[in-house]
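**Q** Questions regarding the structure given below will be posed in turn.
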Amino acid sequence: MEKAATSGAGDNKPLAITLSCREQLKNVRDSSGICDAFKVKYKENPEFLVHAPGRVNIVGEHIDYCGYAVFPMALEQGILIAASKGKDDLIHLANIDEAKYLECAPFGLSEIRSWTRGDASPKWQDYVKCGFRGIMNLEHEGVATSGFKIMVGGNLPAAAGVSSSSALVIASALLGCVSWNVQISRTTIAEVCAKTERYVGTEGGGMDQAISVLAEKGNAMLVEFNPLRSIAVRLPGDAIFVVCNSMVTMEKAATVQFNTRVAECRLACQILAKRVGLDWKTVKVLKNLQSQLGKSLAEMIQLVQYHLKESPHTLAEICDILGTTPEVLKAESLNKQCAGVNEFKLFQRATHVFEVSVNPSDGRETETKAGRVLEFRRICECEDSSVETLVTLGTLMNESHVSCRDLYQCSHEKLDKLQDVASKIAFGARLTGAGWGGCLVALVPREKLDEFRSTLETDYYEKLKGLRNGRSMDELVFTTAPAEGAMAYHIQ
Ligand code: NG1
Ligand code: MG
């Protein structure tokens, strides 16, 4: 059984709101479309509605799985599920966009308990399975006693780096909790879903699941890991964050890049551990290495510069340093997707992680350039909305983009072009989420919003009409206030 954690900022909010009549359900979250589609499909009314928001990460990319804190905010846009409990253990699943998300054959709950994706490309329904699996494995009384009829919809662009996958995992898990009466904290749901989303095959961190379920309306969240803790942080009043879709889609679970980056961070950690005399097989997470050594980030960067070379390490070189064989290394440190990769850029990846990360409880780093996440939080907490403050925040965002582009190499030429156009008007802009496509987040002066949008339209979107595919500017570029975490609505 999983142990229950209870320390999230959003933990004091109930998981569900009870509604007394059907009309109330239709008035929640623009849900009449999905309620109607549910009724057409299943010839009955839904009993539950679940909303789980997507997110933008404002600063701190590809560091959650290294154990470092990140700084996301929940979007108003999200995944919306309408559902009713079934009479047997089957899950019937349909998507409102049935042309894009093909209907799948019903599957039994018993099949989910031990489900993993295997070698096929991930399908949209796999994320639903991840969510249910997490809750089922908690082994609470009443769990998985009934299946569901489900209609999935919402207004989040998929494969765009705004975390539609985790929002779907969270929404499914929350539906499981509420309908089977599993009473656990939001923090536990976040932890469980971070683990189970890995069954699709990517070794992600826990940022997306945490923000989707723990977010507080009006605030961004500093999310720390091990143990998971979320701290609400108010953004400066005049800061307008704009999400801009590069129109390049990236299915990270279907590609080798994401997991290779995770493996590179692990290998960098293990080599450093070995070099300083620790057991490389047990020290696999950069933050844990830093804690064990009691070093500052600046000192960690010195270690990187001393022990890792700038040119890529081959598998054979890594085995040599660690005194092991490729077979053992594959079992200890690599994942399936990077089985065929032979060159690992350990110096650059570790430098990116230590540059952008900071231990929130360790104030020592604030004077160095190293702590972009903590620095961002510190500035926000000064509650000063002056132009100088916004310029400083924007500069941190631009620096973060450069680190993602050059050191972590998780950008894309079109995303870089968009960042270039955006940052001419914005205080700053950076890719958000895993990268290799997806969205940009920009901090834009309030009075320049119109100019920002029209410049993006002429200098970016108009030039890529083929990719645009008829989408409106409102779909591609939108402002968003920090929204609240996931919520279920139940008619009684
Ligand atoms: P995306 O691909 O944007 O949902 C992924 C990971 C995060 C984090 C970011 C990079 C999952 C579910 N999400 O987000 O944990 O590592 O990349 O900062 O794997
Ligand atoms: Mg995702």
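The values are calculated or read from the model by the stated rules, or taken from the named source; none is laboratory data. Since the structure is predicted, the reported quantities are computational estimates derived from the model, not experimental observations. Note: ideal-geometry Cβ built from the backbone for every residue, glycine included; neighbour counts use all protein chains shown.
**Q** Scanning segment 184-203 for residues that are part of a helix (DSSP H, G or I) and of a type in the set (S, T, N, Q), which turns out nearest to ligand 1 (Cβ to nearest atom)? Steps first, answer last, please.
**A** If we filter segment 184-203 for residues that are part of a helix (DSSP H, G or I), which is where we start, we get 186-200.
From what's left, of a type in the set (S, T, N, Q): 187-188, 196.
On the way: Thr187: 16, Thr188: 17, Thr196: 11 Å.
Restricting to residues being part of a helix (DSSP H, G or I) and of a type in the set (S, T, N, Q), the top hit is Thr196.
**Q** Which count do you get for residues in segment 142-164 that are touching a strand residue (DSSP E or B) at 6+ places or on another chain (Cβ under 6 Å), more than 16 Å from ligand 2 (Cβ to nearest atom) and small (Gly, Ala, Ser)?
**A** Going through segment 142-164 one residue at a time, the tally reaches 3.
**Q** Something else now. Would you check which residues across segment 137-169 are closer than 19 Å to Thr116 by Cβ and within 15 Å of ligand 1 (Cβ to nearest atom) and list them?
**A** Ser165, Ser166, Leu168, Val169
**Q** Of Lys123, Lys41, Lys87, which residue is within 16 Å of ligand 2 (Cβ to nearest atom) and of a type in the set (Lys, Arg)? I'd like the intermediate steps shown before the answer.
**A** Numbers: Lys41 fails: within 16 Å of ligand 2 (Cβ to nearest atom); Lys87 fails: within 16 Å of ligand 2 (Cβ to nearest atom).
Only one candidate qualifies: Lys123.
**Q** Does Val242 satisfy the criteria of being closer than 30 Å to Glu451 by Cβ and buried (at least 21 other Cβ atoms within 10 Å of the Cβ)?
**A** yes
**Q** Right, something else. Taking only segment 431-454 into account, find how many residues are more than 16 Å from ligand 2 (Cβ to nearest atom), out of contact with any strand residue (DSSP E or B) (no Cβ under 6 Å at 6 or more places or on another chain) and more than 20 Å from Ser386 (Cα to Cα).
**A** Summing the residues that are more than 16 Å from ligand 2 (Cβ to nearest atom), out of contact with any strand residue (DSSP E or B) (no Cβ under 6 Å at 6 or more places or on another chain) and more than 20 Å from Ser386 (Cα to Cα) in segment 431-454 gives 3.
**Q** Right, next: Out of Leu267, Leu278, Leu228, report the one residue that is within 14 Å of ligand 1 (Cβ to nearest atom) and over 20 Å from Ala481 (Cα atoms).
**A** Leu228
**Q** Now a separate question. Going by the conditions given, is Ile17 on the phi < 0 side of the Ramachandran plot and not assigned by the TED database to the domain that holds Ser185? If you could, list the steps in order and put the result at the bottom.
**A** Numbers: on the phi < 0 side of the Ramachandran plot: yes; not assigned by the TED database to the domain that holds Ser185: yes.
Here the answer is yes, as Ile17 does meet what is asked.
**Q** Of the residues Arg468, Arg430, Arg453, which is under 15 Å from Gly394 (Cα atoms) and touching a residue at least 24 places away in the same chain (Cβ under 8 Å)?
**A** Arg430
**Q** Within segment 62-69, identify whether any single residue is touching a Gly at 6+ places or on another chain (Cβ under 9 Å), modelled with pLDDT of 95 or more and over 24 Å from Leu286 (Cβ atoms), and answer yes or no.
**A** Within segment 62-69, none of the residues are touching a Gly at 6+ places or on another chain (Cβ under 9 Å), modelled with pLDDT of 95 or more and over 24 Å from Leu286 (Cβ atoms).
**Q** Failed condition for Gln209, given (1) touching a helix residue (DSSP H, G or I) at 6+ places or on another chain (Cβ under 9 Å); (2) under 21 Å from Pro482 (Cβ atoms); (3) touching a residue at least 60 places away in the same chain (Cβ under 8 Å), with all others met?
**A** The single condition Gln209 does not satisfy is (3).
**Q** Would you mind telling me which numbered condition in (1) within 27 Å of Thr116 (Cβ to Cβ); (2) hydroxyl-bearing (Ser, Thr, Tyr); (3) more than 27 Å from the chain's Cα centre (by Cα) Ser333 fails?
**A** (3)
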